[in-house]
Amino acid sequence: MTRYNIINGQQVQFTEEQELEWDELERQAPAQLLALQSAQVREERDAKLAETDWMASSDLTMSSEWVSYRSSLRDVPSQSGFPNTITWPTKPE
């Protein structure tokens with residue numbers, strides 16, 4: 001497919017070098033998008049873990065529900081749909 005730039009209101013065909021650069025950008029885009037999505041999900045997961053870090057203090061005993069919840073949060077990146085389909089664990093009461 002021929003690509004064009006708009007320069008001073010005129011369509012100007014890409015040079016061969018511009019075509020190659022654009023092709024490379026298109027090849028890299030899915031991986032970059034996946035990396036961005038993964039980072040966003042990890043950031044949300046880390047925030048959820050940070051909310052409960054105080055429970056992991058050495059002078060407290062966490063219930064098994066909270067231990068399981070925190071473990072499930074840490075396992076989010078290993079879910080089969082990661083990062084597009086996440087099943088967030090339910091926070092204990």
Checking PRO92 against (1) surrounded by 13 or more Cβ atoms within 10 Å (Cβ to Cβ); (2) out of contact with any helix residue (DSSP H, G or I) (no Cβ under 8 Å at 6 or more places or on another chain), the condition it does not meet: (2)
Checklist (1) touching a strand residue (DSSP E or B) at 6+ places or on another chain (Cβ under 9 Å); (2) of a type in the set (A, V, I, L, M, F, W, C); (3) surrounded by 12 or more Cβ atoms within 10 Å (Cβ to Cβ) applied to ILE6, failing item: (3)
Of the residues in the range 24-37 that are among the polar types (S, T, N, Q) and open to solvent by 60 Å² or more (accessible area, probe 1.4 Å), the one that is farthest from PHE82 (Cα to Cα) is GLN28
Between a first residue in the range 1-15 that is over 17 Å from GLU26 (Cα atoms) and a second residue that is hydrophobic (A, V, I, L, M, F, W, C) and open to solvent by 70 Å² or more (accessible area, probe 1.4 Å), which pairs have beta carbons less than 9 Å apart while being 6 or more apart in sequence or on different chains? VAL12/ILE6
Residue by residue through the range 38-79, note down the ones that are loosely packed, with under 14 Cβ neighbours inside 10 Å, at pLDDT 95 or above and part of a loop (DSSP other than H, G, I, E, B). ASP75
Among the residues of the range 42-69, write down those that are within 30 Å of ALA31 (Cβ to Cβ) and among the charged types (D, E, K, R). ARG42, GLU43, GLU44, ARG45, ASP46, LYS48
Got a sec? Which of ALA29, ALA35, ALA50, ALA56 is within 30 Å of THR2 (Cβ to Cβ), out of contact with any strand residue (DSSP E or B) (no Cβ under 9 Å at 6 or more places or on another chain) and free of Cβ contacts under 8 Å to residues at least 40 places away in the same chain? ALA29
Residues in the range 9-20 that are part of a helix (DSSP H, G or I) and surrounded by fewer than 12 Cβ atoms within 10 Å (Cβ to Cβ): how many? 3
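The values are calculated or read from the model by the stated rules, or taken from the named source; none is laboratory data. Predicted model only: the values in this text are computed from it and were never measured. Positions of Cβ are backbone-derived with ideal geometry, glycine not excepted, and every protein chain shown enters the neighbour counts. Keep in mind that these areas ignore ligands, DNA and RNA; they rest on the heavy atoms of the full protein, side chains included. Shrake-Rupley method; radii C 1.70, N 1.55, O 1.52, S 1.80 Å.
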